[in-house]
Amino acid sequence: MNGVILRWPVPICTTINAQYYKKVLQDKLRPAIRKNRPGLLESGILFHHDNVPAHTAQAVTDVLAGYKWELLEHPRYSPDFAPCDFHLFPKMKEHLRGQRFETEEDIIQATKVAIKNLDKCSYVTAFKDRLQRIEKGANNGGSYVEKVRC
């Protein structure tokens with residue numbers, strides 16, 4: 001809720017599988033948390049990712065269990081439940097709209113600037129909205145998710 005901890009552009013032609021995701025968690029995300037949010041690893045992490053196979057593979061769940069990170073349950077797919085889909089990406093698009101880029105590095109730099117321009121309040125609002133959407137889906141016996149999918 002306090003903002004982006006790590007921006008990691010996936011290299012072109014890279015397949016995101018369990019091994020790749022595990023390596024990013026170990027070699028990129030965990031060190032970034034230690035650097036950017038001192039003390040957070042010791043105080044406990046609530047971790048959210050979706051339920052794609054690369055995220056739910058045994059190798060990944062073993063690493064997260066070893067870190068003792070608490071996983072937030074991810075409901076069945078709905079764009080209403082993915083903070084990146086309804087918050088981060090639209091905000092980034094506002095900043096990037098109308099720009100043309102010459103190189104991949106130009107895209108990466110512009111994306112970094114767009115993310116840095118988001119304030120802490122917008123992240124808190126996004127996650128509160130997410131919880132309300134999940135709650136709404138749960139209160140409807142899951143039927144809300146089905147209605148969204150149709």
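Bear in mind these aren't lab numbers, they're just calculated from the coordinates by the rules spelled out. Remember, it's a predicted structure, so these values are computed and weren't measured experimentally.
How large is ³J(HN,Hα), in whole Hz, for each residue of region 44-53 in order, when computed from phi with the Karplus curve 6.51 cos²θ - 1.76 cosθ + 1.60 and θ = phi - 60°, using x for Gly and Pro?
x, 10, 9, 10, 10, 9, 7, 10, 5, x
Quick one: which residues, 5 or more positions from ARG37 or on another chain, have an amide H under 5 Å from its amide H? H modelled 1.01 Å from N in the peptide plane, none for Pro or chain starts.
none
Search the structure for amide H atoms under 5 Å from the amide H of LEU71, placed 1.01 Å from N in the peptide plane, and list their residues when 5 or more places away or on another chain.
Those lying under 5 Å, H to H, from LEU71 are PHE47.
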